[in-house]
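A quick write-up on the structure given underneath.
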Amino acid sequence: MRTRFFIAAFAALLCAGAWLAVPTAAKSARPEEAVAPAELVSAQRGTLPIILSAPHGGSVRVEGSKDRKEGVTVKDLRTAEIAWLTSQRLAEKLDGKVYVVIAQFSRKDADANRDSDEAYENKSAAAQYDAYHRALREYVDEVRKAHGGGLLVDIHGQARHPDKIMRGTRDGQSVKHLLGEFGREAVTGEDSLFGQMAKQGYGVLPALDGDDLKEDMFNGGYITGHYGSQNKDGVDAIQLEIGSDYRGEEAMHKTAEDLGDAIAAFAKKYLLKK
């Protein structure tokens, strides 16, 4: 009940346009955050080598902006809430904080999972886009410096396959380091992130066959391309496209809990130094 109250309050903040200030007890020793209160981005600095990103879950309109004329403008329903709930579950499972970056601004104004050339159409929206990527860049750099590498989970929603969670790694490119260190099993095997979700009863695509890295439908966007480990300054990055069946008002709580458990199990096997 307490968790549901918290996420309801979080959703209200998103709708109202309030910046999500990290609770005092959760703040790091650093006094500054990656975003300013006036920016429509929620950010939490972490202690673990895990970053959660949710670029399409916001609904707050940017003052002085207009609807984008090109590209998809539909909100990925409840992905912001799932990202935040997942971060809370991971704090319980791993005894530490993950980094979190969540867009409050509407996708009608800016799309944080696109290159800047096609992400926005005015300066007001550009400022919010820049704030999102400033936070992501800072957190990726911090994770690399503190841990030598890490995992970025980019959370999205899709309705084409409502009972599936779909993987996007640019056909393996954005997890180049993971593949080099542990092989394909770490991406497509039963102990991979998607393997952990499958163990909990979730349908996943592509199927876990141990070999094929090809992703036919949602194979990763700008975030996995820009921050993935195919880049010298990147970390392993995986895009999750969560089916609509798993993002319902009631279902999202279980989805977030299970996703947190899956990321924690994956991290203990492949990510956290023993």
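Any read-out appearing in this document is the output of simple, stated calculations on the displayed coordinates, not a laboratory observation. Just so it is clear, the model here is predicted, and its values are computed rather than measured. For neighbour counting, all protein chains shown are included, and Cβ atoms are generated from backbone atoms with ideal geometry for every residue, glycine included.
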Q. What full-extension length gain, to one decimal in nm, is calculated for Phe182 and Ala207 as 0.36 nm per residue of separation minus the Cα-Cα distance?
A. 7.1 nm
Q: State the extension gain, in nm to one decimal, for the chain segment bounded by Asp171 and Asp216, taking 0.36 nm per residue of separation less the distance between their alpha-carbons.
A: 15.3 nm
Q. Using the Cα gyration tensor of the chain, with a ≥ b ≥ c the square roots of its eigenvalues, what is the shape: rounded (a/c below 1.5), prolate (a/b larger than b/c) or oblate (neither)?
A. rounded
Q.
Just want the answer: with Cβ charges of +1 for Lys and Arg and -1 for Asp and Glu, which residue in Ala267, Pro162, Gly96 is farthest toward the dipole's positive end in the chain?
A. Gly96
Q) Quick one: Karplus J couplings for segment 105-114, per residue in order, coefficients 6.51, -1.76, 1.60, θ = phi - 60°, nearest Hz, x for Gly and Pro? A) 6, 5, 5, 5, 8, 8, 10, 6, 9, 10
Q: Go ahead and collect, in residue order, the members of segment 160-192 whose backbone nitrogen is under 19 Å from a label point 7 Å along the Cα-Cβ direction of Lys254.
A: 161-166
Q) Is segment 112-154 rounded, prolate or oblate when judged by the Cα gyration tensor, a ≥ b ≥ c being the square roots of its eigenvalues, rounded requiring a/c under 1.5 and prolate requiring a/b larger than b/c? A) prolate
Q. Per residue and in cubic angstrom, what volume does the convex hull of the Cα atoms of segment 152-235 have?
A. 83
Q: Run a plain Debye calculation on segment 50-167 (Cα atoms as equal point scatterers, no solvent) and give log10 I(q)/I(0) at q = 0.22, 0.23 Å⁻¹, rounded to two decimals, same order as the q list.
A: -1.24, -1.29
Q) What pairs in Lys123/Lys164; Lys176/Lys273; Lys108/Lys273 have C-alpha atoms more than 30 Å from each other? A) Lys123/Lys164; Lys108/Lys273
Q. How big is segment 118-274 on each of its three principal axes, counting only the C-alpha atoms and giving the largest first in Å?
A. 44, 38, 28
Q) What is the spin-label model distance, in nm, from Ala36 to Asp117 if the labels are put 7 Å beyond Cα along the C-beta direction? A) 2.9
**Q.** Estimated FRET transfer efficiency (Glu70, Gln200; beta-carbon r; R0 35 Å; 0.05)
**A.** 0.40
Q: Determine the calculated [θ] at 222 nm for the chain from helices alone, applying -39500 (n - 2.57) to every DSSP H run no shorter than 4 residues and normalising by the residue count; nearest 500 deg cm²/dmol.
A: -11000 deg cm²/dmol
Q.
With an 8 Å Cα cut-off and a minimum separation of 6 or more residues, compute the relative contact order for the chain in percent.
A. 22
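Restricting to Cα pairs below 8 Å that are 6+ residues apart, what does the relative contact order work out to for segment 157-274? Please round to a whole percent.
Values: 202 pairs, mean separation 45.8, N = 118.
Relative contact order for segment 157-274 comes out at 39 percent.
Classify segment 127-184 as rounded, prolate or oblate from the Cα gyration tensor: take a ≥ b ≥ c as the square roots of its eigenvalues, call it rounded if a/c is under 1.5, otherwise prolate when a/b beats b/c and oblate if not.
Numbers: a/c = 2.77, a/b = 1.13, b/c = 2.45.
Oblate, because a/c is 1.5 or more while a/b does not exceed b/c.
Among 226-238, 43-55, what's the highest-first ranking by average C-beta atoms within 10 angstrom per residue?
Numbers: 226-238: 21.4, 43-55: 25.1.
So the order, starting with the most tightly packed, is 43-55, 226-238.
Out of all DSSP beta bridges in segment 2-271, what portion is antiparallel? Express it as a percent rounded to 5.
On the way: 9 of 29 bridges.
Percent antiparallel among DSSP bridges in segment 2-271 is about 30.
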